[in-house]
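To start, the structure itself, in C-alpha cells.
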C-alpha cells in the first residue's frame, strides 16, 4: 500500500512538472470579465479566431500544439458544444477539427487536441478558432480582453462572415495555444491604434498606442521611433519587464501637424532588449504606418444633436434640462433638432420623425433619448440612440468628434416677409475624398419655442428645436457625388406656410385617436423669426443604422447666411489678394450692393470669415466684398 502511494505521489509530481513545462501563447493579456463579452451580427452562429503569421510560425518551428485554451462569455450553445479548428485559411478547409464542451462560462478552459499538431514553420499562416450555435442570437459567446487591439490577428463571425475585429475596442480573443516546449524567443507587437481620427493643422494631437509581448522571453527594453511628416523623435524605454501576453500603454508627447493634407505617420519599435541575443524574433509587426489627413487650422464643424421626445412623456422635461446643461459645457458647437417620436406620436410628430426611429436598437423605442451625429459608440451602445445620461453622452460625443468631418458647409438664405417666399443656396466643400466618393445631403426645417401642452411641463411648455419636416423628397436626404476641392451646390425655393400640420396623423390614423375630434391641435402657427434650416452631410450607407453617420452640419435662421471657417472654394475667404482690382460698392439701409455692374459671383464676409448673403441686412462692422467679373477678382473693404 505504501509503495502504491509513493507511485501515486511520483505520478502527481511528474504530471505537475509536465504541465509546468507547457507553454501557453496568445495575444490576450488573460483578462476574463462578464463585462468584456460580445457578439457580432444577428444570427445564432458565433465564432472567434486568432491568426499566427508565417513569421511567428517560423519562431515556433518544431513545437507541437497539444491543446487550446479558451474562455466563453456564455455556455448557452446547442448541447453546450463548441467546434474547434486549425486552418491555413480562415473559412477554408481545416487541417483538423474537434469538439469540446463548455462546462462553465467566464473561465479559462483547456481542450486537448485529439492529435498534436506539429508546427512546420512553412505554413503561410495558421488560424486557430471555434464556432458554435447559441440558443439565441443575443447571447454574448465571445470573450476578449478589451485591451490588445491587433490588426490582422483577431477575428469574429458576423452573420456568417469572418471579420477583423481590430478597431471595435474588443481587443484580443481569450483564445490561446498550448505548446509542448518553450521555443524561447522575444516578440514585441505594436498595437492598439489605427490613427483614423480627426486632425487639424497647427493643433497638437496625441498618438497613443500599446505594445504586447507575444514571445516567451521577457521584453526588458526597447526604443520607440516616432515619425510625423519630416519630424522624427526617438524615445527609450528601459526596465519594462514585459512577460508573455503582457502589454504596456505608451503615450508619447503630443505632436503638431504643420502642413495641411496628407501627412505620413510611422511608429516603430527598435533595439528590442538592446539588440542582444534575446532580441526580436519577428519584426514584421514592430511598426504602425498611416497616412493622416490634416484639416485646415481654421476648420469649423458642428455636431448634430437629435433628441427624441413626446408631449405625453413625463420624464422628458427633466431630460431636456440634462441635455441642455450638458451641451452648454461642450467646446464644439452643436445644432439641436427634436423629434417627437420614440415615446408616443403627438401633435408635433412628422413622418420624418417616425423614420428616425430607425436609429434605435430595433427592439424598443423610448424617450427622452438622444443621438450625436447618428453615431454609435461601441463602448456605450450598439445603436446611435441612447438614453440621456452624462455617463453615456460624454463618451459618445467624444467618439463622434474623433470621426472625420470631410467637408465644410456654406448656407445662404433669403426670406420675404410679404410673400413668405424662402430661398436656400447651400455649398458643400469636401476637403478630401470620401471612402466611396458619395454622401447624402439633407435639409431640415426647424421651429423653436412653440408653446403647447407637455406632461410635467404644463399647458404652455416651450417646445424647443422642433422638427417641422425636410426640404428633400426623402427623409434621408439626397445622394450626391463629391470631388475633393470642388464645391457641390444645392438650392431650392419654397413658400413658408402660415401653419404646419403634423404629417403623421393621416385620416386613417386619426380614427379613434385623441386627436380625432380636435384636429386643430395638429396645426401650429409658424413664427418666421423662430424658423431655421439645418443642413447636413452624411454617409450614404443603408445596410445598418450605424452606416449613416453625420459628417458635418450647420444651421441658419431664415433670411440669414453663414459660411463655416475652412470653406475656401468659389471666390474664397475674406482675404484681399495683392493682384485683386478694386470693387466699387455702396451701403444703403444695412445692405451692400455693387455699383454699375452685375458680377458673376459675389461674396460678403465679416472679419470672422462668416459668409453673408448679398441681400442680407448687416450689423454694424467691417466687411470684405469679393466679386468675380469677367474672370477677374475684384475686392473692397467696406464699413456698414
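The values are calculated or read from the model by the stated rules, or taken from the named source; none is laboratory data. Only a predicted model underlies this, so the values are computations on that prediction, with no experimental measurement involved. Because the Cβ atoms are built from the backbone with ideal geometry, glycine has one as well, and the counts that use them run over all protein chains shown.
Rundown of residues vs (1) surrounded by fewer than 17 Cβ atoms within 10 Å (Cβ to Cβ); (2) within 23 Å of residue 285 (Cβ to Cβ); (3) in the same structural domain as residue 361 (by TED's automatic domain parsing), yes/no style:
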site: 53; (1), (2), (3): no, yes, no
site: 62; (1), (2), (3): yes, yes, no
site: 73; (1), (2), (3): no, no, no
site: 77; (1), (2), (3): no, no, no
site: 104; (1), (2), (3): yes, no, no
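Looking at segment 265-287, is at least one residue outside the structural domain of residue 396 (by TED's automatic domain parsing) and closer than 30 Å to residue 409 by Cα?
Checked segment 265-287: at least one residue is outside the structural domain of residue 396 (by TED's automatic domain parsing) and closer than 30 Å to residue 409 by Cα.
Give all pairs with beta carbons closer than 6 Å in which a residue from segment 375-399 that is not assigned by TED's automatic domain parsing to the domain that holds residue 542 meets a residue that is surrounded by fewer than 18 Cβ atoms within 10 Å (Cβ to Cβ); count only pairs at least 6 apart in sequence or on separate chains.
Close Cβ pairs (under 6 Å, with a partner that is surrounded by fewer than 18 Cβ atoms within 10 Å (Cβ to Cβ)) do not exist here.
Having 1 or more residues that are on the phi > 0 side of the Ramachandran plot and surrounded by 13 or more Cβ atoms within 10 Å (Cβ to Cβ) is the bar; report the strands (runs of 3 or more DSSP E) wholly within segment 222-274 that clear it.
In segment 222-274, 261-270 are the strands (runs of 3 or more DSSP E) which contain 1 or more residues that are on the phi > 0 side of the Ramachandran plot and surrounded by 13 or more Cβ atoms within 10 Å (Cβ to Cβ).
Out of 206, 236, 251, which single residue is under 26 Å from residue 434 (Cα atoms), without any contact (Cβ under 8 Å) to a residue 60 or more places away in the chain and touching a strand residue (DSSP E or B) at 6+ places or on another chain (Cβ under 9 Å)?
Of 206, 236, 251, the one residue that is under 26 Å from residue 434 (Cα atoms), without any contact (Cβ under 8 Å) to a residue 60 or more places away in the chain and touching a strand residue (DSSP E or B) at 6+ places or on another chain (Cβ under 9 Å) is 206.
With the structure loaded, tell me whether residue 356 is part of a helix (DSSP H, G or I) and more than 21 Å from residue 557 (Cα to Cα) or whether it fails that test.
Taking the combined requirement at face value, the residue satisfies it.
Among the residues that make up segment 147-166, is at least one of them under 24 Å from the mean Cα position of the chain (by Cα), closer than 19 Å to residue 25 by Cβ, modelled with pLDDT of 95 or more and not in a loop (DSSP other than H, G, I, E, B)?
yes
So residue 300 fits all but one of (1) part of a strand (DSSP E or B); (2) within 30 Å of residue 397 (Cβ to Cβ); what number is the exception?
(1)
Tell me which residues, restricted to segment 414-454, are touching a strand residue (DSSP E or B) at 6+ places or on another chain (Cβ under 9 Å) and over 20 Å from residue 491 (Cα atoms).
431, 432, 434, 437, 447, 448, 449, 450, 451, 452, 453, 454
Kindly indicate whether any position in segment 169-188 is farther than 25 Å from residue 108 by Cα, in contact with a strand residue (DSSP E or B) (Cβ under 6 Å, 6 or more places away or on another chain) and buried (at least 16 other Cβ atoms within 10 Å of the Cβ).
no
Could you please give the count of residues in segment 275-287 that are part of a strand (DSSP E or B) and buried (at least 16 other Cβ atoms within 10 Å of the Cβ)?
Final tally of qualifying residues: 1.
Would you say residue 150 is surrounded by fewer than 17 Cβ atoms within 10 Å (Cβ to Cβ), out of contact with any helix residue (DSSP H, G or I) (no Cβ under 9 Å at 6 or more places or on another chain) and more than 30 Å from residue 362 (Cα to Cα)?
no
Among the residues in segment 370-384, are any closer than 22 Å to residue 554 by Cβ, at pLDDT below 95 and not in a strand (DSSP E or B)?
no
Residues are listed down the side, and each one gets a yes or a no for (1) outside the structural domain of residue 254 (by TED's automatic domain parsing); (2) in contact with a helix residue (DSSP H, G or I) (Cβ under 9 Å, 6 or more places away or on another chain):
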position	(1), (2)
174	yes, no
198	no, yes
208	no, no
212	no, no
227	no, no
231	no, no
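Residue-wise test of (1) touching a residue at least 24 places away in the same chain (Cβ under 8 Å); (2) more than 15 Å from residue 396 (Cα to Cα); (3) in contact with a strand residue (DSSP E or B) (Cβ under 6 Å, 6 or more places away or on another chain); (4) not assigned by TED's automatic domain parsing to the domain that holds residue 476.
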| residue | (1), (2), (3), (4) |
| --- | --- |
| 312 | yes, yes, no, no |
| 319 | yes, yes, no, no |
| 327 | no, no, yes, no |
| 333 | yes, yes, no, no |
| 340 | yes, yes, no, no |
| 343 | yes, yes, no, no |
| 355 | yes, yes, no, no |
| 364 | no, yes, no, no |
| 371 | yes, no, yes, no |
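Out of all the residues in segment 496-523, which are in contact with a strand residue (DSSP E or B) (Cβ under 6 Å, 6 or more places away or on another chain) and more than 14 Å from residue 348 (Cα to Cα)?
If the condition is that a residue be in contact with a strand residue (DSSP E or B) (Cβ under 6 Å, 6 or more places away or on another chain) and more than 14 Å from residue 348 (Cα to Cα), then 496 is the only one that fits.
Of all the residues that make up segment 510-532, how many are part of a helix (DSSP H, G or I), in contact (Cβ under 8 Å) with a residue 40 or more places away in the chain and either more than 35 Å from the chain's Cα centre (by Cα) or not assigned by TED's automatic domain parsing to the domain that holds residue 420 (or both)?
Residues meeting the conditions: 3.
Could you tell me whether segment 16-24 includes any residue that is within 29 Å of residue 212 (Cβ to Cβ) and either at pLDDT 95 or above or part of a strand (DSSP E or B) (or both)?
yes
Yes/no per residue for (1) touching a helix residue (DSSP H, G or I) at 6+ places or on another chain (Cβ under 9 Å); (2) surrounded by fewer than 16 Cβ atoms within 10 Å (Cβ to Cβ); (3) assigned to a loop (DSSP other than H, G, I, E, B):
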site	(1), (2), (3)
83	no, no, no
111	no, no, no
117	no, no, no
122	yes, yes, yes
126	yes, no, no
131	no, no, no
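Any idea which residue in segment 258-287 is modelled with the lowest pLDDT, counting only those that are more than 16 Å from residue 193 (Cβ to Cβ) and under 23 Å from the mean Cα position of the chain (by Cα)?
Ranking the qualifying residues of segment 258-287, first place goes to 260.
So, in segment 613-622, exactly how many residues are within 39 Å of the chain's Cα centre (by Cα) and more than 11 Å from residue 590 (Cβ to Cβ)?
The qualifying residues number 2.
Would you call residue 258 outside the structural domain of residue 347 (by TED's automatic domain parsing) and either under 20 Å from residue 55 (Cβ atoms) or in contact (Cβ under 8 Å) with a residue 60 or more places away in the chain (or both)?
So residue 258 does not fit the description; no.
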